[in-house]
1. Rounded, prolate or oblate, given the Cα gyration tensor of the chain, with a/c below 1.5 counting as rounded?
2. Could you derive backbone 3J(HN,Hα) for the range 350-361 from the dihedral phi with the Karplus parameters 6.51, -1.76 and 1.60 (θ = phi - 60°), listing whole Hz in sequence and x where the residue is Gly or Pro?
3. Kindly state, to the nearest 0.05, the FRET efficiency for His23 paired with Lys371, given R0 = 60 Å and r defined as their beta-carbon distance.
4. With θ taken as phi - 60° and the coefficients 6.51, -1.76 and 1.60, list the Karplus ³J(HN,Hα) couplings across the range 368-385 in order, rounded to whole Hz; mark glycine and proline as x.
5. Counting other Cβ atoms within 10 Å, keep those with at most 16, restrict to DSSP loop, and tell me which GluC sites (Glu not before Pro) in the range 267-307 are left.
6. Could you give the length gained by full extension between Arg282 and Gln110, i.e. 0.36 nm per residue of separation minus their alpha carbon distance, to one decimal place?
7. Could you grab the relative contact order for the range 47-164? Cα pairs under 8 Å, six or more apart, rounded to a whole percent.
8. What pairs in Lys95/Lys358; Lys117/Lys343; Lys64/Lys343; Lys323/Lys358; Lys259/Lys343 have C-alpha atoms more than 24 Å from each other?
Amino acid sequence: MGLERFTAEDPIFVDEDVLRDSHRPEGLIERDQELTEYQSSLKPVIKGARPRNIFLYGQTGVGKSVATQMVMDRLREDQQQYDYLDVEVVDIVCKNLSSSYQVVVKLVNQFRDFEDKIPTTGYPPDTVYEFLWEHLREVEATHVLFVLDEVDAIGNDDDILYQLPRSNDNGNVPPEETKVGVIGISNNFTFRDNLSARVKDSLCDEEIHFPPYDANQLRNILYQRAEKAFVDGVLEEDVVPLCAAMAGQESGSARQALKLLFKAGDLARSRDMTEVTEDLVREAEPLVKGGQVENELESLPTQSHLTLYAILKLHERDELPAKSSDVYQVYQQGAEFINADVKTDRTIRDRLSQLKLKGFLEVEEHNEGPKGGSYYLYEFGDIRPEMIREVLEDSMRLEELF
Ligand SMILES: Nc1ncnc2c1ncn2[C@@H]1O[C@H](COP(=O)(O)OP(=O)(O)OP(=O)(O)O)[C@@H](O)[C@H]1O
Ligand SMILES: [Mg+2]
């Protein structure tokens, strides 16, 4: 048939964008309890008092980011009726920021116009912190709330999570002028467990947990979106429940459920079918899963990529499973080669345990008897090394290593 014509006709979707991650749903459903908790943690702000710092955590795709956006919008709106309030929200996504320094630079730049932005390297750390305090002392707002989404990217370099929540107490920002609050968001449970004691103390005034969704909740979330996304009547009756059941069992992630539903619809469309069937959902599942792992790999920060690179090299030399000290050696050569920061071996061990948590690596504990002590051996988890190689080769930062 050769090249077909593009046509806008679409028997399946009215608006497929509604199923995308970036689409803002009309309301958050199935999260009433968490929203109540979230809003009551912010109650002091609306009364003009000092904010409580909040640490929000839960697995991927459970509504942390979307809930936060909605709560912040509501806060911005509702504060307008109080003359004594002027709340400013500064929100950033920390993905790809692998240190506190980089986070501070990004925050400083949120306050600056394009021509005054500072570069991500070059200034001493004290100076960039001082820039940030200066901006905070200068703002007119009564409150500045910082939202640090995906904050686990900074690993154990978490100084900012101590400094920022403490900035009113340690004299950097006078609270009678501007009160500072921090909301940190993370889907990484290792990160949460490994927060240093002083960070826990300052950031975690309130901890809010978003649990995974069960199949019933996912069903309702999907119905809300499906209604707008699909042409009336094209979904076989059990399609939404099946997507919900599969995602509920696997991850409890609304994102995964939405992807599955979209993919099933997409398959129907590409085959000129007029109905989305259950069989298509079953066919879509492995496709969505494969893509998901790849996306997750791609979106890891550079330091994690370098750690994976080290494991990949060891794999190619047939030296897996390997001790973390061996991984570290190869990591160090790689990092130096591309002029990346060379982190300490403790940081790399931390990365290794994060990668294990995400299922990319497996760890085995070895005991050398009473005198030898014990150590861990790392190797790839249930994932094809070729896939890791492809992702790393495609990464701009690591390109030169291949
Ligand atoms: N309760 C809900 N009602 C409607 N849509 C939801 C709900 N929870 C999540 N979603 C949708 O699911 C997708 C994932 O949600 P979100 O991005 O908030 O997850 P997250 O918890 O921030 O995940 P991650 O940790 O990966 O950043 C988004 O498209 C969001 O709109
Ligand atoms: Mg998020």
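1. Here the chain falls in the oblate category.
2. For the range 350-361, the Karplus-derived couplings read 4, 4, 4, 6, 5, 5, 5, 4, 7, x, 7, 10 Hz, x marking Gly and Pro.
3. In this case the efficiency is close to 0.50.
4. 9, x, x, 8, x, x, 10, 8, 10, 10, 10, 8, 5, x, 7, 7, 7, x
5. Glu275
6. Between Arg282 and Gln110, full extension yields 57.5 nm more.
7. For the range 47-164, the relative contact order is 36 percent.
8. Lys117/Lys343; Lys64/Lys343; Lys259/Lys343
Read-outs throughout are calculated quantities, based only on the coordinates presented, and are distinct from any laboratory measurement. For clarity, every value in this text was computed on a predicted model and none was experimentally measured. When we count neighbours, we look across all protein chains shown, and the Cβ atoms used for this are built from the backbone with ideal geometry, even at glycine.
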